[in-house]
Amino acid sequence: MESIGTWWMWAAFAAIVVTMLLVDLFAFGGGKQHRVSLKEAAGWSLAWVTVAMLFAAGLWWYLDGTLGRALANEQATAFVTGYLVEKSLAVDNVFVWMMIFSFFAVPLELQRRVLLYGIVGAIVLRTIMIFAGSWLINEFHWLLYVFGAFLIVTGIKMAWFSEHDPDLEKNPLIRWIRNHYPVTEKLEGERFFVMRDGVRMMTPLFLALVLVEISDVIFAVDSIPAIFAITTDPFIVLTSNLFAILGLRAMYFLLADLGDRFELLKYGLAAILVFIGTKMLIVEWVKIPVLVSLSVVATILACSVFASLWYSARKAKPVV
């Protein structure tokens, strides 16, 4: 697999990921029971975005000095585009997390630990899937067309079923767990398992963790093919993807109080998926520059955000 990443670049990125996870664990609270304020979540969200953009700047600086300005511009733009696409698609994942926690009546102060495990699991899963996807595309180029068609179908489904929430009570895995393992009636703090009369019982918090991990798998299947439309370089794909994931916990708490203001955002995300899928399907005949892709994705995202804010403000107006 051809890549701009050298061994020391991979090592440096791994060190950054580990450092950021430790910061998330100890500075941002990690598994400690703590209710995150809107101000705190906004500050950490800004911090994670800043770190990602500093990485993009460092990548551009290194490539500019070693491989030339043209390649530096192309790869840095690909990183930023991939980061924006993954961050945008992650918003839908955040809304699903909100629904999961609401279903199990998990208060905000108990959600931090579940999300920490969920994000660590997502990092491991996406790393495996990205390397596997890079190898498959390198060996079977026609898979790009399969990914493109899949993204278009996914985008259409997202728009068509945007008002339909899944019935978590009918989730087959949750039903199987409840039928084969004793589950407590209520939460037991941050504990996933407790002992009752000599019987080891599962708590609803663990069921919430199971669904969070399942949602990570589902959204990884949607989002990873999308970034391969931007670039097939595994270093750019992995770094942009994981930087987007690392700031996901902060973004979740930022949107937890604002989620009802972004009712139209799913239509924007659906449009982004259809655009990227189309780009993959026509790549042999029409090559859309990465900078154009970045502009289109940013424009769609901005329009859907502003439209959502306008729509929510209009709904909030009292009827005279």
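The values are calculated or read from the model by the stated rules, or taken from the named source; none is laboratory data. Every value quoted in this text rests on a predicted model; they were computed, and no experiment measured them. Neighbour counts run over all protein chains shown; Cβ positions are idealised from the backbone, glycine included. Areas reflect the complete protein model, heavy atoms only, side chains present, ligands, DNA and RNA absent. Shrake-Rupley method; radii C 1.70, N 1.55, O 1.52, S 1.80 Å.
Summary of values
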quantity: Probe 1.4 Å - accessible area at GLU74, Å² to nearest ten; calculated: 100
quantity: Nearest-10 value in Å² for the accessible area of HIS141, using the 1.4 Å probe; calculated: 90
quantity: Lysine pairs in the chain with Cα atoms under 23 Å, if 8 or more residues apart or on separate chains; calculated: 13
quantity: Solvent-accessible area per residue, Å², over region 7-312 with all protein chains present [probe radius 1.4 Å]; calculated: 47
quantity: Most mobile of GLY121, GLY268, GLY155 in a GNM of the chain (Cα contacts under 10 Å); calculated: GLY121
quantity: Estimated 222 nm signal from helices in the chain, with DSSP H stretches of n ≥ 4 weighted -39500 (n - 2.57), rounded to 500; calculated: -25500 deg cm²/dmol
quantity: Options LEU301, MET280, PHE104, ranked by Cα towards positive dipole end of the chain, top entry (Cβ charges); calculated: PHE104
quantity: For region 181-206 versus region 84-149, the gap between their alpha-carbon centres in whole angstrom; calculated: 27
quantity: Most mobile of ALA41, ALA250, ALA302 in a GNM of the chain (Cα contacts under 10 Å); calculated: ALA302
quantity: Share of carbon and sulfur in the accessible heavy-atom surface of region 7-312 [1.4 Å probe, %]; calculated: 69
